[in-house]
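The values are calculated or read from the model by the stated rules, or taken from the named source; none is laboratory data. A quick note: this is a predicted structure, and the numbers were derived from the prediction, not measured. For neighbour counting, all protein chains shown are included, and Cβ atoms are generated from backbone atoms with ideal geometry for every residue, glycine included. These accessible areas exclude ligands, DNA and RNA; they are computed on the full protein's heavy atoms, side chains included. Shrake-Rupley method; radii C 1.70, N 1.55, O 1.52, S 1.80 Å.
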Amino acid sequence: MARLDDILQRHRVVICAGSGGVGKTTTAAALALRAALAGRRTMVLTIDPAKRLADALGIHTLGAINAAVRVEGIDTGKLAAMMLDQKGAWDELVERHAPSADIRDRILGNRFYQHLSQSFAGSQEYMAVEQLCELHDSGNYDLIVVDTPPTRHALDFLEAPQRIADFLDKRIVKWFVKPYFSAGWKTFRFVNRTVGFLFRRLEDATGISALVDVSDFFTSMSGLFEGFEPRVRRVYELLRSRETAFVLVATPEEQVLTEAEYFCRKVQELKMKLRVVVLNRTHHEGVKLDEVRAVIGRLLGGGVATRRLVDNFECYEAIGRGDALRMESFRRLLPKGTAVVEVPNFNADLHSVADLQAMHAFLFAA
């Protein structure tokens, strides 16, 4: 069973996955800091629009879009942070692969593209992996730690590349570039009255030239689509590579652990490597309640204050017992060899390098 320190040393990519709100951003920052302190050139890539990573690293701003920012105060190694801008990343992809400047400008100015690049389901997750591949292939970093997007379902990050590929399927693209489609709904309604009515409603909602915009988008993007399938394959090759390790972050709540169990099964099915589970914000049972009540009584005497303090302790103990039972059940379902690390619930959010180092005491306990 590998320790987290060993995983950070043996891999080039560590992906922190999990449901939204479980502490992925802070965990990713803490892992990246640990690797940098051990002398590795480390990049932590966040796709979190709340910019919590900047807070956790003590940076007030991550600077330019998709640009690496050096984290100061690290004596050994090199730690950089980058925040992915979804729209900017799509624009960069178009600029890199467009066959000509004219086609590039047509795509970037297309209204359907502008909407797609900002709001298409799975777009954010796919561009995160696309950026990961760029950073990996650059050779500038010994380790890249990825803070996956804050989605309700952890699996979205793994499914996004295939979802985008399905959307850009060649058969669909050919349908969209047919002449009658680009002519607009007035021509289209003679081909299929029902579908024509639906697209007329679409144009009413999004603009009178919506169908023309859609057709022009697919026509302009056709050259990029030819190379899209190989890029998706490259993405999955990296995610399945021996260089890549997944760290699942979860909290002891029943709903979160249920989703974590499903994520573990899917990772195995996709032949990806889940190395560690970080159980974050855990509570633990303390000493016997009678002993605590006696100590509080001696210190404070009787009265309302003592009763309230004992009640609060009893509530905490109940939470701790529930956490312990759920975590034990969850551990039994994990793949053999998966390490589990427990991090307690801190009294406050972690907002500095010193705070993250306090988290190290639990993440990297022997």
The number of residues in the range 77-98 that are more than 20 Å from THR26 (Cβ to Cβ) and either touching a Cys at 6+ places or on another chain (Cβ under 8 Å) or at pLDDT below 85 (or both) is 14
Tell me whether the range 262-281 contains one or more residues that are in contact with a Lys or Arg (Cβ under 9 Å, 6 or more places away or on another chain), part of a helix (DSSP H, G or I) and open to solvent by less than 90 Å² (accessible area, probe 1.4 Å).
yes
Anything in the range 25-76 that is among the polar types (S, T, N, Q), at pLDDT below 85 and under 24 Å from PHE362 (Cβ atoms)? List them, or say none.
THR46, THR76
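Quick grid of which residues meet (1) open to solvent by less than 70 Å² (accessible area, probe 1.4 Å); (2) in a helix (DSSP H, G or I); (3) at pLDDT below 85:
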site	(1), (2), (3)
VAL287	no, no, yes
VAL295	yes, yes, yes
ARG307	no, yes, yes
ILE319	no, yes, no
LEU325	no, yes, no
PHE330	yes, yes, no
VAL341	yes, no, no
LEU350	yes, no, yes
LEU356	yes, yes, no
Going through SER222, SER241 one at a time, which residue ends up being at pLDDT 90 or above and surrounded by fewer than 18 Cβ atoms within 10 Å (Cβ to Cβ)?
SER241
Within the range 330-366, which residues are of a type in the set (S, T, N, Q), out of contact with any Gly (no Cβ under 7 Å at 6 or more places or on another chain) and touching a residue at least 40 places away in the same chain (Cβ under 8 Å)?
THR338, ASN345, GLN357
When both residues are 6+ apart or on different chains and their Cβ atoms are under 7 Å apart, which pairs have a first residue that lies in the range 104-116 and is farther than 14 Å from LEU93 by Cβ, and a second that is small (Gly, Ala, Ser) and not in a helix (DSSP H, G or I)?
ARG111/GLY207
Candidate set from the range 298-351 (those that are over 39 Å from the mean Cα position of the chain (by Cα) and among the hydrophobic types (A, V, I, L, M, F, W, C)); member that is farthest from ILE7 (Cα to Cα):
VAL304
Do any helices (runs of 4 or more DSSP H) entirely within the range 99-186 hold 1 or more residues that are modelled with pLDDT of 70 or more and open to solvent by less than 10 Å² (accessible area, probe 1.4 Å), and if so, which?
101-108, 111-119, 123-138, 156-167
